[in-house]
Amino acid sequence: MKITDWPKQERPREKLLAKGAATLSDSELLAIFLRTGIKGCSAIDLARNLLSEFGSLRSLFGASEHDFCQTKGLGQAKFAQLQASLEMSQRYMAETLDKTDAFNSVEQTQAYLIAKLRDQPHEVFAMLLLDSQNRLIKYRPMFYGTIDSASVYPRVLVQQALLDNAAAVILAHNHPSGIAEPSQADKSITKRVIDAFSLMDIKVLDHFVIGDGVAVSFAQRGLM
């Protein structure tokens, strides 16, 4: 049965408009994104098949172009549309931080960093560069490592902060294992970075370790 033949209150688009996006299931949200199904398969059925094949929305969104386009009903146009949607979501979160105090908006900051870092296949060490009001100037990935570790040079971080005229920074890096517990090496590099920034009177407000949908704050743990 076509979705247009469903009772109006059960159609994903009409349901979203009437009750809000949060009330929709993953398959219903995906069906709205897909817009149309394929022969013999409605958009909602195609969405359910895709979620079954990839396992989750996150896995579908993180699929390579090759894997995404190999699936019947998808192609480069849909892949480009999906990547654009994800980028718009991240930019929306960045604009939100741009207008608020990132240090006092811990949940928003964590959500933004999780979106940026949790699905990286290797370790990435990044900085949020902030102005004197702790508003976001720029997100900058600085170092890339193997799955196990990344080499971090405090001098390079300080140079970048000076170039961006930052008054404060928030550090962040991911653990591709998905476990966000800070390691002894994480604690050691945090101290080195704080010491380097203190010479330039630039505050290091926090260091987040990003795991599988989780962000651990050094400041909240009393580790800095």
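The values are calculated or read from the model by the stated rules, or taken from the named source; none is laboratory data. Just so you know, these numbers come straight off a predicted model, no measurement behind them. Cβ: placed from backbone, ideal geometry, glycine included. Neighbour counts: every protein chain shown. Note: areas computed on protein heavy atoms with side chains; ligands, DNA, RNA excluded. Shrake-Rupley method; radii C 1.70, N 1.55, O 1.52, S 1.80 Å.
With the full set of protein chains in place, find how many percent of the accessible area of the chain is carbon and sulfur; take the probe as 1.4 Å. Reported share for carbon and sulfur atoms: 51 percent. When HIS122, HIS175, HIS207 are compared by accessible area at a 1.4 angstrom probe, the order from most to least is HIS122, HIS175, HIS207. Each residue was assigned an accessible area with a 1.4 Å probe, and for MET93 the value is about 40 Å².
Of the Cα atoms belonging to segment 97-224, the radius of gyration and Dmax stand at 13.1, 35 Å. Only Lys, Arg, Asp and Glu carry charge here, each on its Cβ (+1 for the first two, -1 for the last two); on that basis the chain has a dipole of about 480 debye about its Cα centre. Accessible surface comparison of ASP201, ASP206, ASP131, ASP212, probe 1.4 Å, protein chains only, largest first: the order is ASP201, ASP212, ASP131, ASP206. Protein heavy-atom accessible surface, 1.4 Å probe, per residue over the chain: 56 Å². Starting from the Cα of GLN108, move 7 Å in the Cα-to-Cβ direction to define the label point; list residues of segment 77-95 whose amide nitrogen is under 11 Å from there. Once the point is set 7 Å along Cα→Cβ of GLN108, 93-95 turn out to lie under 11 Å by backbone N, inside segment 77-95.
Number of Lys-Lys pairs in the chain with C-alpha atoms under 20 Å apart and a separation of 8 or more places or on different chains: 13. In this structure LEU29 has an accessible area near 60 Å², from a 1.4 Å probe over the protein heavy atoms.
Given the chain, what percent of its DSSP beta bridges are antiparallel, to the nearest 5? Around 70 percent of the beta bridges assigned by DSSP in the chain are antiparallel ones.
How big is the gap, in Å, between the Cα center of segment 142-199 and the Cα center of segment 33-67? Using only Cα atoms, the two centres lie 37 Å from each other. Anisotropy class assigned to segment 1-50 is oblate, per the alpha carbon gyration tensor with a/c at or over the 1.5 cut-off and a/b no larger than b/c. Our summary gives the chain a relative contact order of 13 percent, counting only alpha carbon pairs under 8 angstrom and 6 or more residues apart. In this structure, the amide hydrogen of ALA167, modeled 1.01 Å from its nitrogen in the peptide plane, lies closer than 5 angstrom to those of LEU130, ASP131, SER132, counting only residues at least 5 positions away or on a different chain.
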